[in-house]
Amino acid sequence: GESVGLHLPTLSVQEGDNSIINCAYSNSASDYFIWYKQESGKGPQFIIDIRSNMDKRQGQRVTVLLNKTVKHLSLQIAATQPGDSAVYFCAERGGSYIPTFGRGTSLIVHP
Amino acid sequence: DTAVSQTPKYLVTQMGNDKSIKCEQNLGHDTMYWYKQDSKKFLKIMFSYNNKELIINETVPNRFSPKSPDKAHLNLHINSLELGDSAVYFCASSPGHRDEQYFGPGTRLTVT
């Protein structure tokens with residue numbers, strides 16, 4: 001699900017599979033991380049967040065993992081459903097007020 | 001009730017025109033934002049206001065001017081529209097300037 005380039009990275013999964021969406025961040029001072037889901041034609045929607053004093057946080061069917069050593073964040077979605085199809089963004093906030101959004105990953109769930 | 005609302009949802013206009021997009025939030029949040037999302041889905045922050053005061057002003061042409069009449073509203077006025085201004089513009093709010101954001105439905109601006 002990761003690539004560097006002009007196109008939006010895409011992850012295709014079958015309904016019922018687990019999905020893992022990855023995000024790398026660059027600011028070692030970032031202490032708060034958020035995952036958003038953006039469905040087609042809508043604004044981004046908050047899913048789950050994690051602060052830098054944690055390395056794992058679980059929600060309903062979603063888990064966020066934070067590895068500060070390698071500056072890596074992942075979103076795991078259990079038992080992926082067609083309604084999970086969307087673009088997923090990670091965002092980080094560090095010492096400044098400026099929230100920085102990642103590139104986005106398009107998740108496509110096949111029934 | 002819609003938490004963060006924007007009007008209009010679609011805006012088609014010609015180069016050189018001046019247009020405004022309105023945003024309102026009924027969440028009681030202190031901080032509001034404007035983002036621009038390009039055709040590749042890249043989200044870039046433009047402005048942020050905290051309690052009606054400008055706290056973020058990224059490298060945005062001065063043709064773009066935000067106005068916050070009160071902390072529930074943050075409007076975006078754009079002068080002399082250019083083709084490159086075509087994008088989806090999102091308004092967002094957050095409880096404080098370091099919290100998660102709640103986004104509006106977006107305004108698709110098309111400049112012809």
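Some notes on this structure:
- If only residues of segment B:98-112 that are crowded, with 21+ Cβ neighbours inside 10 Å and not in a strand (DSSP E or B) are counted, the one that is modelled with the lowest pLDDT is B:GLN101.
- Selected residue [farther than 17 Å from A:SER12 by Cβ and over 11 Å from the mean Cα position of the chain (by Cα)] from A:ARG103, A:ARG93: A:ARG93
- Test: residue in segment A:23-33 that is away from every other protein chain (no Cβ under 13 Å), in a strand (DSSP E or B), under 27 Å from B:PRO95 (Cβ atoms) and modelled with pLDDT under 95: yes
- Selection count where residues are outside any loop (DSSP other than H, G, I, E, B) and among the basic types (Lys, Arg), scope segment A:57-111: 2
- Where strands (runs of 3 or more DSSP E) fall entirely within segment B:25-96, those with at least 3 residues that are more than 14 Å from chain A (Cβ to nearest Cβ), more than 22 Å from A:PHE101 (Cα to Cα) and touching a residue at least 24 places away in the same chain (Cβ under 8 Å) are at B:73-78.
- Matching option when the condition is farther than 21 Å from B:CYS91 by Cβ, modelled with pLDDT under 95 and among the hydroxyl-bearing types (Ser, Thr, Tyr), among A:THR69, A:THR63, A:THR80: A:THR69
- Residues that are surrounded by 17 or more Cβ atoms within 10 Å (Cβ to Cβ) and not hydroxyl-bearing (Ser, Thr, Tyr) within segment B:42-59 comprise B:LEU43, B:ILE45, B:MET46, B:PHE47, B:ASN50, B:ILE56, listed in sequence order.
- Among the residues of segment A:1-21, those that are at pLDDT below 95 and in contact with a Pro (Cβ under 9 Å, 6 or more places away or on another chain) comprise A:GLY1, A:GLU2, A:SER3.
- On inspection, A:GLU15 fails the criterion of being surrounded by fewer than 16 Cβ atoms within 10 Å (Cβ to Cβ), within 13 Å of chain B (Cβ to nearest Cβ), touching a strand residue (DSSP E or B) at 6+ places or on another chain (Cβ under 9 Å) and touching a residue at least 40 places away in the same chain (Cβ under 8 Å).
- For first residues located in segment A:37-58 and away from chain B (no Cβ under 11 Å) and in contact (Cβ under 8 Å) with a residue 12 or more places away in the chain, partners that are surrounded by fewer than 18 Cβ atoms within 10 Å (Cβ to Cβ) and part of a loop (DSSP other than H, G, I, E, B) and lie 6+ apart or on another chain with Cβ distances below 6 Å form the pairs A:SER52/A:ASP31.
The values are calculated or read from the model by the stated rules, or taken from the named source; none is laboratory data. Every value quoted in this text rests on a predicted model; they were computed, and no experiment measured them. Here Cβ is always computed from backbone atoms with ideal geometry, including for glycine, and neighbour counts include all displayed protein chains.
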